[in-house]
């Protein structure tokens, strides 16, 4: 028996697929997998089959045509073709997680393309797919151009490929958000977006903080937040959470900064381990959250601060941004407008220098 891939178009009408499969069965062809992709011309059926060794390409095409199939394409397959399409796509996605720069090769593997190229001059005029070519928008800039002589590209393949490109772009953006901060005392700390795997480190951060620091962060007491609450903070539905970790082999989490979006506003909160306070780390994290909120298009930031939390109030003043304050007993609510021009000569980033661009890690001095 020999493995073959068969692609054919049939009328998208009840019973037509069964006619095609019956025609193959009469010739001893065992269908291992089948995918149906709707198109304007009909249903494109993509089969992986095990056929008798006596049945060649011409015989398979004849069987398809007798089963009311048309535009038939047949090619030998390998054992790896036994993996179904969702499994193959997940495998490619896992590869991109490890190496977002492998997008072109992932597209080639996904579609069996004859050629894949990336071009920076993206006009967008020819994006989409024809029988033999496909052009995909790269959210990071530019576009991917693919060519395949046969079989013809389908709309489902185009959607699948575009989703893979967008995944790679998201991973690239996340990689670019990994930076190494150089604090005023010369100590380095790594800052990156948080993920679910940071839960144990964030729990240890809270345990290492004094009750006073936890109370200032949560405003409702010094008790440790539940793991469920911390998971929600690590991966908010809107916004971003940053964690700062030491650059040694321990990689301990020493600070957490939350930007939690609600409507057109976002709430900001910081927690810095006691022995890392008053070293410029809180200011650096706050500035990065402000930059993220600006890019995301929020109208304002909200910060709830106890009136006696002098370190946090000093950190806010260092932003050099106008704000309004409302007081409710010992609690201050500060509103910082975003998307407004900054007065000339005002420093909004606090950068004294930056190196590193693109997909690698950058270093920022504060």
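The values are calculated or read from the model by the stated rules, or taken from the named source; none is laboratory data. Keep in mind that this is a model prediction, so the values were computed, not measured. As a convention, Cβ positions derive from the backbone with ideal geometry for all residues, glycine included, and neighbour counts pool all protein chains shown.
Among the residues of region 242-258, is any over 30 Å from residue 186 (Cβ atoms), in a strand (DSSP E or B), assigned by TED's automatic domain parsing to the domain that holds residue 306 and touching a strand residue (DSSP E or B) at 6+ places or on another chain (Cβ under 9 Å)? Please lay out each step first, then the result.
Step one: list which residues in region 242-258 are over 30 Å from residue 186 (Cβ atoms), which gives none.
No, that holds for no residue.
I'm told residue 139 meets every condition in (1) buried (at least 19 other Cβ atoms within 10 Å of the Cβ); (2) in contact with a helix residue (DSSP H, G or I) (Cβ under 7 Å, 6 or more places away or on another chain) except one. Can you identify the failing condition by its number?
Looking at each condition in turn, residue 139 falls short on (1).
When you scan region 311-366 for strands (runs of 3 or more DSSP E) that lie fully inside it, which ones turn up with 2 or more residues that are surrounded by 15 or more Cβ atoms within 10 Å (Cβ to Cβ) and modelled with pLDDT of 50 or more?
331-337
Taking interchain pairs and intrachain pairs at least six residues apart, which have beta carbon atoms under 8 angstrom, with the first residue in region 195-213 and without any contact (Cβ under 8 Å) to a residue 12 or more places away in the chain and in the same structural domain as residue 240 (by TED's automatic domain parsing) and the second buried (at least 19 other Cβ atoms within 10 Å of the Cβ) and assigned to a helix (DSSP H, G or I)?
Going by the 8 Å Cβ cut-off, there are no qualifying pairs.
So how many residues does region 83-116 have that are surrounded by fewer than 17 Cβ atoms within 10 Å (Cβ to Cβ) and more than 22 Å from the chain's Cα centre (by Cα)?
Count: 5.
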